[in-house]
1. Enumerate the helices (runs of 4 or more DSSP H) found wholly within the range A:253-347, keeping only those where 1 or more residues are at pLDDT 80 or above and more than 26 Å from A:ALA77 (Cβ to Cβ).
2. Can you report the number of residues in the range B:32-61 which are outside any helix (DSSP H, G or I), within 15 Å of ligand 1 (Cβ to nearest atom) and crowded, with 22+ Cβ neighbours inside 10 Å?
3. Looking only at the range A:218-267, count how many residues are charged (D, E, K, R) and away from chain B (no Cβ under 14 Å).
4. Counting only residues that are part of a helix (DSSP H, G or I) and at the interface with chain B (Cβ under 9 Å from one of its Cβ atoms), how many does the range A:190-203 have?
5. Could you please find all residues in the range A:204-217 being buried (at least 24 other Cβ atoms within 10 Å of the Cβ) and facing chain B (nearest Cβ under 7 Å)?
6. Identify the residue in the range B:37-58 that is touching a Leu at 6+ places or on another chain (Cβ under 7 Å) and small (Gly, Ala, Ser) and, among all such residues, is farthest from B:ASP223 (Cα to Cα).
7. Here are some conditions: (1) away from chain A (no Cβ under 14 Å); (2) within 16 Å of ligand 2 (Cβ to nearest atom); (3) in contact with a helix residue (DSSP H, G or I) (Cβ under 7 Å, 6 or more places away or on another chain). B:LEU56 meets all but one. Which one does it not meet?
8. Mind listing whichever residues of the range B:62-77 are in a loop (DSSP other than H, G, I, E, B), more than 14 Å from chain A (Cβ to nearest Cβ) and over 19 Å from B:MET180 (Cβ atoms)?
Amino acid sequence: MLIGNYKETYAADEAILRTPATRVWTVVALGAALAFPFLAGDYLLYLVNLMGVLAIGALGLNILIGFTGQISLGHAAFMGIGAYGTAILASRFGLPFWITIPAGGALACAGGMVVGVPSLRVKGLYLAIATLAAQVILEWVFTNWTSVTGGIRGINVAPASILGFPLDTDTRIYFLILGVAVLHFVLATNLRRSRWGRAFVAVRDRDVAAEIVGVNLFRTKILSFMVSSYYAGIAGGLWVYFTKVLTPENFPLSLSIQFLAIVIVGGLGSIPGTVYGTVFMTLVPEMLKAGTGLVRGVWPDAQSYLFPLRDVVFGLLIVVFLIFEPHGLAEVWNRVKRFFSLWPFAK
Amino acid sequence: MAEIPVATTEDRDILCVEGLSLSFGGLAALTAVDLSVRAGSITGIIGPNGAGKTSLLNCISGFYKPQSGRVSFDGRDVSRVAPDRRAALGIGRTFQNVALFEGMSVLDNVKLGAHARLRSGILATMAMTPGARREEMRLREEVENEVLDFLEMEHLRHRTVGSLAYGLQKRVDLARALAMRPRVLLLDEPVAGMNEEETEDMARFILDVQEERGVTVVLIEHDMGVVMDLCDRIAVLSFGERIALGTPAEIACHPEVIRAYLGEEAA
Ligand SMILES: Nc1ncnc2c1ncn2[C@@H]1O[C@H](COP(=O)(O)OP(=O)(O)OP(=O)(O)O)[C@@H](O)[C@H]1O
Ligand SMILES: [Mg+2]
């Protein structure tokens, strides 16, 4: 049980890893993460890579929705901007991943700035519709601007490489995804605890009071859109090197909805919750698949009936969590932790 | 850092409201209101419910846009300046029904008051550059020493604001406004809903802010004891018009004021 961590200085009180226990756990988790690809099977590794990419994107959406209280249904399209930016720079100009991925992020960030502009005037449903429009328009551009995006034929990208060493297997790309993901989770944690993170939450909670204490609403919302879509863009860039082929249907509206589901199920505004949400929402379709496998003997067509259920299940989960567990899995996990930190005194 | 006592009331207006009119649909909330506030003074605004007191503060802080008239701060016309810029210029305020960020800690609420004074860009804060880190640490020390210690609420720093009693929330609201390092502090009913002890504490804080920091205070209050004790000058609003302006002694025997208040009681 952790009691009485007396913080001697303000610096210690403000530090991220405040207790020795959290520091130990962080090291243990990092060790496990480094050993993981050598122990896991191919399919599990593939899933975890996918989760890593999605988690970065979802974290961006959580900064927008969870921190700042702005909605977006165009998150997948921003991921697409980053992916196309990265893929084009890599395939046409032969630039290395450490330039193409950040450049994709920057491009998505610029897109986010443009799409964020209506947020000063419109809120809620109207903002949802404006961002939905961005999603539809961008998808159309990905498909039809053939000279740049390659249209439905897409773009093939060579594996990322470090000093001539290609990251061409799932094990190797895993380390790139892990590194980028850890970096971006740290950046978001810093952000949350800074003046801008506070301003984001202030805008979410009470925009009038925020403005009257000196927070510029427009700049703050735009910044949030920019950070959010930058994260999506980085996720898109990693996606390119992960799948090595890029087509317009990689970034449909249903992926935007999936991001939304991750954020809501994981916990609005919770950084660790974004991880729980990503893991959970990536496993749900897997469980559906496993389910259809089990009943195949008695119901051979199960796959074709149940697979479209995926989107229905996502929608249901969003609704169920919003109603019954609005703080998401992060809060469930906190309850579990509280239970064990008091155990055996709690019943 | 020792606080240097600043001479009280200066011979200069820091805040000037001229011919301010504001209406909502057909309802005139303010009609040609004039008010000038001496630098370093405490000015009270009183009047019956619905007289337009809060509306007047809202016009000064920029939240409401009056149909006509102007507001000038420190000799500068700020009528067209956005609320967040007015805050940055030095107009701080608290709210009648505390408008705090309830899910955040006391510390974060108070730190937010300083937002406009901080310089770190968003990239610097994400990367936690040494500069951004230093600024955040300096802010923390400043908030602890200048605000939390002063308002006797260090022990509450990590409490979630929503979990605090109403009287304490009012104090957090003041703390957040002080973190803005305002030159003019607009207080909307700072002791409303407080018990006697809390009221006395709050009155003492307000006096200290004015005397030790030289902050000009404009306060709306229904508690006549507090108003009479604290204020150098009092303005009286009734149905959106400023019907009187004077020292507490003048106001106490002003016939129109007595009528406005008795009229309210009779109604
Ligand atoms: N946003 C608004 N929309 C419509 N009417 C408003 C608005 N704000 C204030 N009013 C109206 O303007 C008039 C003045 O309101 P105001 O809140 O300024 O009064 P007040 O003097 O602060 O009263 P109280 O002592 O009850 O706080 C009231 O009739 C009120 O209903
Ligand atoms: Mg009022």
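The values are calculated or read from the model by the stated rules, or taken from the named source; none is laboratory data. Fair warning: this is a prediction, and the values are worked out from it, not measured in the lab. Here the Cβ is made from the backbone with ideal geometry for all residues, glycine too, and neighbour counts use every protein chain on show.
1. In the range A:253-347, the matching helices (runs of 4 or more DSSP H) lie at A:271-294, A:309-324, A:328-342.
2. Counting residues in the range B:32-61 that are outside any helix (DSSP H, G or I), within 15 Å of ligand 1 (Cβ to nearest atom) and crowded, with 22+ Cβ neighbours inside 10 Å gives 7.
3. Taking the range A:218-267 first, the residues charged (D, E, K, R) are A:219, A:221, A:244, A:249.
After this cut, where a residue has to be away from chain B (no Cβ under 14 Å) as well, the list is A:244, A:249.
Number of matching residues: 2.
4. So the count comes out to 9.
5. Answer for the range A:204-217, where residues must be buried (at least 24 other Cβ atoms within 10 Å of the Cβ) and facing chain B (nearest Cβ under 7 Å): A:GLU211, A:ILE212, A:VAL213, A:GLY214, A:VAL215.
6. Top of the filtered list is B:SER55.
7. Every listed condition holds for B:LEU56 apart from (3).
8. B:PRO66, B:GLN67, B:GLY75 - these are the residues of the range B:62-77 that are in a loop (DSSP other than H, G, I, E, B), more than 14 Å from chain A (Cβ to nearest Cβ) and over 19 Å from B:MET180 (Cβ atoms).
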